[in-house]
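Reading through the structure tokens given below for one structure.
The values are calculated or read from the model by the stated rules, or taken from the named source; none is laboratory data. Note that the coordinates shown come from a computational prediction; the quantities given were computed from them, not determined experimentally. Here the Cβ positions follow ideal geometry from the backbone for every residue, glycine too, while neighbour counts run over all protein chains shown.
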Amino acid sequence: MAGEDSHSVPAPFPGQPHDSPPSRTPVGEPHGCASLYGIDLATPLKGCRILIADSSPFSRKTLTRFLNWFGVTDVVFAKDGRDVLDRVTGIGANLILLDTNLGSLTGIETCRLLRALPAGRDVPILLQTTSHSDQTRARCFQAGASDVISKPVNPGELIARVGYHLERRAMITELKTFRDRIERDLALARAMQLALIPKPERVATAAHARGLTIDFRFESCDEIGGDFWSLHEVDDDRLGILVADFSGHGIAAALNAFRFEALVSRRTKAEQADPGAMLTNLNTELCDILPLGQYCTAFYGVLDARHRTLTYASAAQPNPFLSGPGGRITTLDGSGVYLGCWPGERYDNRHADLEPEGFLFLYSDVLTESPDHLGTTLEESGLKTLVTIASQNEHPLATLLNIFAAPRPHPPQDDLTAVWVGWPNLRSSPPA
């Protein structure tokens with residue numbers, strides 16, 4: 001900076017040396033606290049770099065002196081707008097001071113072009129102008145200026161505005177860094193949650209061995225959610241399916257889903273064969289670990305391919321749909337007390353027969369409670385109609401979800417779990 005021109009910078013205030021700011025001690029502050037117009041100087045921004053583009057060497061020196069007072073010592077210069085655009089990527093400026101009068105490429109146009117560059121998209125840009133008209137200031141802001149400073153520059157105003165934008169930029173950068181870290185953590189948590197869900201290959205193998213077909217869809221409305229489902233191979237004939245939905249969604253619900261999976265994985269074969277005992281024991285353990293006000297709905301059913309029966313227990317899960325005699329669709333009883341609310345609650349087994357070439361459809365309440373573009377929800381009766389239509393299709397679950405999504409332009413605001421179990425190869429009559 002020294003030797004750039006032969007102009008000397010007069011002390012802005014009588015009796016002040018060239019290299020130090022005006023000092024005064026406001027009432028109530030300790031003696032010797034350096035401030036300017038009540039603004040504390042030497043703010044911890046010494047690591048910040050400021051790029052100045054001004055056609056006047058005198059103005060550049062004056063601005064530099066003011067910034068030094070503020071504690072900013074890393075100041076670089078550009079001779080005109082083109083120079084700014086050429087150098088902005090490599091400089092890594094934390095803030096840019098542009099004079100509106102930069103020659104053929106004005107400061108306003110330079111600001112507009114900077115905002116189109118990755119290196120200039122987020123950096124604070126302060127435009128200096130001698131014009132006091134509203135029209136000029138409006139053009140500055142339309143070009144993307146963060147702020148506008150009038151010339152000749154008032155040192156107190158400059159320091160206040162530069163300090164505000166540097167501190168705001170530092171805060172935004174810190175928030176973005178925090179957000180990026182949270183996004184990485186959520187992506188990892190989502191991968192872990194998806195790892196809990198049965199793999200399609202395992203589902204297909206377990207289903208085929210028992211003359212069943214299983215199609216499923218699992219989606220979270222956030223990065224992670226509180227829905228859960230699992231598959232349990234009780235023996236060569238019996239297959240258990242557990243569907244659960246924790247209250248809320250997001251991180252808290254996902255943590256509960258992880259806890260739930262740990263409990264489910266410890267269940268014995270005897271529990272897996274007995275849905276009532278399975279939910280009773282899960283409820284006892286959830287009551288000990290779930291925070292007050294959090295709970296879980298669940299359905300656990302065991303399909304017996306040999307005896308063509310379904311044995312199930314439920315805890316306030318949406319009523320499943322089962323294909324009955326002659327293809328008629330019946331609604332199973334999904335009522336029961338939420339898991340994790342009342343210790344000592346017992347869950348009873350219920351039974352249903354599996355009709356040849358029938359199906360069982362399990363789902364979360366997002367299908368019955370999500371409004372369409374008119375604000376109308378399907379409710380259970382409307383979903384039953386969709387199930388009836390979908391059951392006539394070669395791919396019933398995909399058909400149902402496509403019909404459901406068509407009048408809903410936005411994704412549902414809740415987690416989705418849907419499991420469609422069919423038995424096209426089930427024996428026409430049970431063994432004697």
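Go through Ile159, Ile149 for me and flag whichever is assigned by TED's automatic domain parsing to the domain that holds Leu102, of a type outside the set (S, T, N, Q) and touching a Lys or Arg at 6+ places or on another chain (Cβ under 9 Å).
Ile149
When Val88 is evaluated against the numbered criteria (1) closer than 18 Å to Arg60 by Cα; (2) β-branched (Val, Ile, Thr); (3) loosely packed, with under 14 Cβ neighbours inside 10 Å, which criterion, by number, is the only one it fails? The one condition Val88 does not meet is (3).
Take residues that are acidic (Asp, Glu) and tell me which of the strands (runs of 3 or more DSSP E) falling wholly in the range 206-316 contain 2 or more.
213-219, 227-233
Within the range 307-328, restricting attention to residues that are of a type in the set (Ser, Thr, Tyr) and crowded, with 22+ Cβ neighbours inside 10 Å, the residue that is farthest from the chain's Cα centre (by Cα) is Ser323. Name the residues in the range 331-348 that are out of contact with any helix residue (DSSP H, G or I) (no Cβ under 8 Å at 6 or more places or on another chain) and either acidic (Asp, Glu) or modelled with pLDDT under 95 (or both), would you? Passing the criteria: only Asp333.
Please go through the range 238-250 and give me each residue that is more than 15 Å from Asp365 (Cβ to Cβ) and in contact with a strand residue (DSSP E or B) (Cβ under 6 Å, 6 or more places away or on another chain), ordered by number. Hits for the range 238-250 are Arg238, Leu239, Gly240, Ile241, Leu242. Within the option set Thr177, Thr136, being without any contact (Cβ under 8 Å) to a residue 24 or more places away in the chain, assigned to a helix (DSSP H, G or I) and not aliphatic (A, V, I, L, M) holds for one residue only, Thr177.
Conditions (1) surrounded by fewer than 16 Cβ atoms within 10 Å (Cβ to Cβ); (2) in contact with a Ser or Thr (Cβ under 8 Å, 6 or more places away or on another chain); (3) of a type in the set (A, V, I, L, M), marked per residue:
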{"position": "Ser247", "(1), (2), (3)": "no, no, no"}
{"position": "Ala253", "(1), (2), (3)": "no, yes, yes"}
{"position": "Ala262", "(1), (2), (3)": "yes, no, yes"}
{"position": "Arg267", "(1), (2), (3)": "no, no, no"}
{"position": "Glu271", "(1), (2), (3)": "no, no, no"}
{"position": "Gly276", "(1), (2), (3)": "no, no, no"}
{"position": "Thr280", "(1), (2), (3)": "no, no, no"}
{"position": "Ile289", "(1), (2), (3)": "yes, no, yes"}
{"position": "Gln294", "(1), (2), (3)": "no, yes, no"}
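Out of Asp122, Asp80, I need the residue that is acidic (Asp, Glu), crowded, with 16+ Cβ neighbours inside 10 Å and either within 35 Å of the chain's Cα centre (by Cα) or in the same structural domain as Phe66 (by TED's automatic domain parsing) (or both). Which one? Matching residue, one of Asp122, Asp80: Asp80.
Of all the residues in the range 381-390, those that are surrounded by 14 or more Cβ atoms within 10 Å (Cβ to Cβ) and either farther than 19 Å from Gly334 by Cβ or of a type in the set (D, E, K, R) (or both) number 2. Read through the list (1) more than 20 Å from the chain's Cα centre (by Cα); (2) buried (at least 16 other Cβ atoms within 10 Å of the Cβ); (3) in a helix (DSSP H, G or I); (4) not small (Gly, Ala, Ser), then give the number of the only condition that Pro198 fails. For Pro198, the failing item is (3). Residue check: is Asp372 surrounded by 14 or more Cβ atoms within 10 Å (Cβ to Cβ), at pLDDT below 95 and under 26 Å from Asn256 (Cβ atoms)? No; evaluated as a whole, the condition is false for this residue.
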